[in-house]
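**Student:** Let me begin by handing over the structure; questions about it come next.
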Amino acid sequence: MDVRTALSLRMTSLLLGARSVDDVPGIVEWFGAMQAQDLNSVLWSLGARLPGRTLPEIVAETEQRQVVRTWPMRGTVHLIPSADAHWMLDLTGVRQLTAVNKRWDYLGLDEKIANRAMEILAAALAAGGGRLPRSECLGALAEGGLDVTGQRGYHLLWYASQRSLTAIAPNSGAEQTFVLLDEWVPTRNRPSREEGLAILARRYFRSHGPATVKDFAGWTTLTLTDSRAGIAAAGLVAVDVDGVEMWADPEALDAGPVTGWWALPGFDEYLLGYKDRSMMATKEQLAKIVPGGNGVFQSTLVHDGRVMATWKRTLGKKAVTVTVLPLADFDLDDARPALEGFAGYLGLPLIVKNP
């Protein structure tokens with residue numbers, strides 16, 4: 001298989017070609033996890049895969065409790081199926097706790113303080129109906145005698161979520177809210193460790209494949225041994241992509257070619273889901289997509305699976321202005337329908353600038 005064919009298959013896997021899922025819970029379950037440390041970014045990741053759906057409609061679906069944001073892997077916030085939160089935290093999220101003592105030493109925390117924070121948060125959330133804004137969670141910790149200055153408050157909120165006590169719910173206005181995970185999740189899935197590895201592999205490769213075992217290990221922070229065990233149990237197919245062994249869902253191999261333009265947010269699985277991004281962008285382009293290598297990805301305009309430009313949006317009362325910064329030669333009029341889709345999602349007219 002050549003790279004062009006593999007890239008076309010990836011776009012279908014990423015639900016950027018033929019769309020077989022038509023709601024937020026279905027998309028999140030398809031991926032297994034979608035990077036979501038930036039809320040606006042993940043909401044548009046969903047919107048880009050649900051053409052015609054508006055931002056308020058997307059947000060309303062996230063309030064149905066079938067999805068939740070937490071830290072299931074890589075120490076990064078992801079949007080995941082609520083019913084899978086507990087076992088994912090136990091399988092991959094727990095790996096982030098191995099170095100927690102070093103972080104505690106740096107912040108002046110310890111296990112006693114962390115456990116006391118969990119007790120305070122549990123009581124405050126129960127008294128608040130199971131859901132509170134972030135500021136009120138931090139206020140409760142401070143009233144309980146804990147120092148939440150600097151990064152201490154954020155770390156204690158993270159720790160409570162990492163331990164499956166809390167999770168991030170949709171915003172209240174512009175403010176993040178936290179919930180008691182057990183109250184947000186009506187039922188939970190309970191796969192064995194081996195079953196969990198297979199589920200992660202199946203979901204990753206059906207939503208990102210063809211991809212390598214190193215891509216999967218990097219996405220989950222699993223060891224290569226566990227990653228290979230998951231792949232072996234997931235019923236995947238090995239494919240050769242110009243001499244590189246990759247894996248794919250066998251059903252995806254029957255997909256036809258995918259063409260078109262997409263306006264994607266910076267923190268989309270299109271780029272974030274891979275260790276090796278060379279199929280989608282050159283080194284020179286990646287340096288401009290992640291300027292300074294600081295981990296902050298710019299939004300991208302993508303054509304037939306390849307990055308063509310970055311873009312920035314400015315929201316006004318009467319329109320959204322999108323500034324396009326080309327990284328390759330193309331006719332901006334060809335890409336305009338993808339940007340119109342973003343403007344429609346916001347419910348605003350579009351103004352395009354090309355400096």
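**Student:** Give me the Debye-computed log₁₀ of I(q)/I(0) at q = 0.11, 0.12, 0.18, 0.20 Å⁻¹ for the stretch 76-159, equal point scatterers on Cα only, no solvent, two decimals.
**Tutor:** So the normalised log intensities are -0.33, -0.39, -0.88, -1.05.
**Student:** Further question on the same structure: Measure up K214/K353; K283/K317; K214/K288; K283/K353; K275/K312 against 28 Å on the Cα-Cα distance and list the ones that go over.
**Tutor:** Check vs 28 Å cut-off fails for K214/K353; K283/K317.
**Student:** How much of the accessible area of the stretch 86-189, probe 1.4 Å, is carbon plus sulfur, in whole percent?
**Tutor:** 48 percent
**Student:** Take every Cα pair under 8 Å in the stretch 257-303 that's 6+ residues apart, average their separations, divide by the length, and report that relative contact order as a whole percent.
**Tutor:** Across the stretch 257-303, relative contact order equals 60 percent.
**Student:** Next question. Under a Cβ-only charge scheme (Lys and Arg +1, Asp and Glu -1), can you give me the dipole magnitude of the chain about the Cα centre, in debye to the nearest 20?
**Tutor:** 660 debye
**Student:** Of L180, G150, G129, which is farthest along the charge dipole of the chain in the positive direction, counting Lys and Arg as +1 and Asp and Glu as -1 at C-beta?
**Tutor:** The residue sitting most towards the positive pole is G150.
**Student:** A further question follows. How much accessible area per residue does the chain have, counting only protein heavy atoms and a probe of 1.4 Å, in square angstrom?
**Tutor:** 44 Å²
**Student:** State, to one decimal in nm², a quarter of the convex hull surface area for the C-alpha atoms of the stretch 240-355, i.e. the direction-averaged projected area.
**Tutor:** For the stretch 240-355, the mean projected area of the Cα convex hull comes to 8.8 nm².
**Student:** Now for a separate question. Which one, G266, G145, G17, has the greatest fluctuation when you compute a Gaussian network model over the chain with C-alpha springs under 10 angstrom?
**Tutor:** It is G145.
**Student:** So what is the relative contact order of the chain, in percent, for Cα pairs below 8 Å that sit 6 or more residues apart?
**Tutor:** It rounds to 20 percent for the chain.
**Student:** Another one. Report the normalised scattering of the chain as log10 I(q)/I(0) at q = 0.09, 0.10, 0.12, 0.13 Å⁻¹, calculated by the Debye formula with identical scatterers on the alpha carbons.
**Tutor:** The Cα Debye sum returns log10 ratios of -0.52, -0.64, -0.92, -1.07.
**Student:** Rounded, prolate or oblate: which one fits the stretch 170-213, using the alpha carbon gyration tensor with axes a ≥ b ≥ c (rounded when a/c is under 1.5, else prolate when a/b beats b/c, else oblate)?
**Tutor:** Oblate, because a/c is 1.5 or more while a/b does not exceed b/c.
**Student:** From the backbone phi of the stretch 268-273, what are the Karplus-calculated ³J(HN,Hα) couplings (6.51 cos²θ - 1.76 cosθ + 1.60, θ = phi - 60°) in whole Hz, Gly and Pro given as x?
**Tutor:** Each residue of the stretch 268-273 in turn: 9, 4, 3, 10, 5, x Hz.
**Student:** Could you tell me how far the Cα centroid of the stretch 230-250 sits from the Cα centroid of the stretch 261-308, in Å?
**Tutor:** Going from one Cα centre to the other spans 23 Å.
**Student:** Let me know the Rg and Dmax you get for the stretch 313-355 when you use only its Cα atoms, in Å.
**Tutor:** Gyration radius and largest Cα-Cα distance of the stretch 313-355: 10.4, 32 Å.
**Student:** Moving on. Efficiency by 1/(1 + (r/R0)^6): what FRET value for R95 and R116, r their Cβ-Cβ distance, R0 = 35 Å, to the nearest 0.05?
**Tutor:** 0.90
**Student:** Taking only Cα atoms of the stretch 259-309, what ratio of Rg to Rh do you get with Rh as the Kirkwood inverse-distance radius?
**Tutor:** Using only Cα positions, Rg/Rh for the stretch 259-309 is 0.92.
**Student:** Any chance you could list the semi-axes, whole Å, largest first, of the equivalent ellipsoid that the Cα gyration tensor gives for the stretch 57-123, using √(5λ)?
**Tutor:** With the √(5λ) rule applied to the stretch 57-123, the semi-axes are 27, 15, 11 Å.
**Student:** Take the Cα gyration tensor of the stretch 283-336, multiply each eigenvalue by 5, square-root it, and list the three semi-axes largest first, rounded to whole angstrom.
**Tutor:** For the stretch 283-336, the semi-axes come out at 20, 16, 8 Å.
**Student:** While we're here: Is it possible to state the helix-based mean residue ellipticity at 222 nm for the chain, with each DSSP H run of 4+ residues giving -39500 (n - 2.57), the sum divided by total residues, to the nearest 500 deg cm²/dmol? What is it?
**Tutor:** Result for the chain: -12500 deg cm²/dmol, rounded to the nearest 500.
**Student:** Under the Kirkwood approximation applied to all pairs of distinct alpha-carbon atoms, what is the hydrodynamic radius of the stretch 172-309 in Å?
**Tutor:** 17.2 Å
**Student:** Can you tally the net charge around F342? Count Lys and Arg as +1, Asp and Glu as -1, for every other residue whose Cβ sits under 13 Å from the Cβ of F342.
**Tutor:** Summing Lys/Arg as +1 and Asp/Glu as -1 gives +3.
**Student:** Give the share of C-alpha pairs in each 10 angstrom bin for the stretch 3-132, from 0 to the last occupied bin, in whole percents, shortest bins first.
**Tutor:** Histogram of Cα-Cα distances, whole percents per bin: 11, 31, 33, 17, 8, 1.
**Student:** Now for a different question. Pop out the Kirkwood hydrodynamic radius of the stretch 51-194 from its pairwise C-alpha distances, inverse of mean 1/r, in Å to one decimal.
**Tutor:** Hydrodynamic radius (Kirkwood, Cα only) of the stretch 51-194 equals 15.7 Å.
**Student:** Among E57, E111, E119, whose mean-square fluctuation peaks in a Gaussian network model of the chain (Cα, cutoff 10 Å)?
**Tutor:** The residue with the greatest mean-square fluctuation here is E111.
**Student:** Rank P170, P25, P51 by mean-square fluctuation in a GNM of the chain with C-alpha springs under 10 angstrom and give only the top-ranked residue.
**Tutor:** P51
**Student:** Here is a follow-up. Whole-Å semi-axes of the stretch 17-77's equivalent ellipsoid, largest first, each the root of 5 times a Cα gyration tensor eigenvalue?
**Tutor:** 18, 13, 11
**Student:** Shifting gears a bit: Output ³J(HN,Hα) for the stretch 308-316: one whole-Hz value per residue in order, computed from phi by the Karplus curve 6.51 cos²θ - 1.76 cosθ + 1.60 with θ = phi - 60°, and x for Gly and Pro.
**Tutor:** 10, 6, 9, 8, 10, 10, 10, 7, x
The values are calculated or read from the model by the stated rules, or taken from the named source; none is laboratory data. Quick caveat, the model's predicted, so the values are computed rather than measured. When we count neighbours, we look across all protein chains shown, and the Cβ atoms used for this are built from the backbone with ideal geometry, even at glycine. Ligands, DNA and RNA are excluded from the accessible area calculation, which covers all protein heavy atoms including side chains. Shrake-Rupley method; radii C 1.70, N 1.55, O 1.52, S 1.80 Å.
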